[in-house]
Amino acid sequence: MSVAFSANLGFLWKDRPFLERIAAAKAASFPVVEFHDDAQDIGAEAVKAALGGTPVAGLNVRHYDTNGIAGLSGREADAARDIGEAAALARAVGAKAVHVLAGRTTEAGAAARYAARLGEAADLSPELVFLIEPLCPQAVPGYLVPTLDAALAIIETIGRPNVKVMYDCFHMQCTGGDLLARYVAHKDAIGHIQIAGGGTRAEPDRGEINYQWLIPALQDAGYTGPFGAEYKPAGPTDETLGWRDAYSA
């Protein structure tokens, strides 16, 4: 079974301007790309031209310095505006999903605010998938949604079929491990999978996760999408891509 990897341009080729990252991903033969929030400040037409038809797995709402604002009190209107902006951009460039970041907060009612924004977005843009990514405390202390269980509880509250989990294996490993079993148990609620070295966040072949075993097992369990390469390169990105060779046909 073939494996497709999506170049996460929020992490890869960070030494280059955003549109040059798209060109670098294409030159490195990534069949799919995904973004953080860089594209919002460039505009859909320039991004679309740079893509030249390359598929986009997804993009993020604006991050700010709080890892999002969708759960923060007093930012409800800003969050709705940012989600709308990201959804419009996704439609324009052909992205399939929008990751809505909740923010770092322990405020009362934060999960309900976050769920409300996601529910509104899901209703306004039923053709898109809206993603919740659990961000582990080791990497993002104080994030509103630190675990898979927390994300699943919010999805259950929202009750929309187009709100799903971004299953980042780095964060999942830090908050319980058991990556295959948890995927199998909740695969209907999972919209995208990302990879990075377990415990290292470096290249996927550097760390405690055996992706050469896990990736085929996830595919055998039903995952058909690309795997987002969201890792911190140990050197210049082009010099760190050899891990993909293990999956060549």
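The values are calculated or read from the model by the stated rules, or taken from the named source; none is laboratory data. Just so it is clear, the model here is predicted, and its values are computed rather than measured. Cβ sites come from the backbone with ideal geometry, for glycine too, and all protein chains shown count toward neighbours. Note: accessible area is taken over every heavy atom of the protein model, side chains too, but ligands, DNA and RNA are not part of it. Shrake-Rupley method; radii C 1.70, N 1.55, O 1.52, S 1.80 Å.
When region 131-140 is examined, which residues are found to be part of a loop (DSSP other than H, G, I, E, B) and either among the acidic types (Asp, Glu) or open to solvent by less than 70 Å² (accessible area, probe 1.4 Å) (or both)? If the condition is that a residue be part of a loop (DSSP other than H, G, I, E, B) and either among the acidic types (Asp, Glu) or open to solvent by less than 70 Å² (accessible area, probe 1.4 Å) (or both), then 133, 134, 135, 136, 137, 139, 140 are the ones that fit. Considering region 79-130, and only residues there that are among the β-branched types (Val, Ile, Thr) and surrounded by 19 or more Cβ atoms within 10 Å (Cβ to Cβ), the residue that is farthest from residue 226 (Cα to Cα) turns out to be 105. Being polar (S, T, N, Q), at pLDDT 95 or above, in contact with a Ser or Thr (Cβ under 9 Å, 6 or more places away or on another chain) and open to solvent by less than 40 Å² (accessible area, probe 1.4 Å) is a description that applies to residue 66.
Among the residues of this structure, residue 200 does not count as one that is out of contact with any Cys (no Cβ under 6 Å at 6 or more places or on another chain), open to solvent by 40 Å² or more (accessible area, probe 1.4 Å), modelled with pLDDT of 95 or more and not aliphatic (A, V, I, L, M). Note on region 70-105: residues that are hydrophobic (A, V, I, L, M, F, W, C), over 17 Å from residue 126 (Cβ atoms) and touching a Ser or Thr at 6+ places or on another chain (Cβ under 9 Å) total 2.
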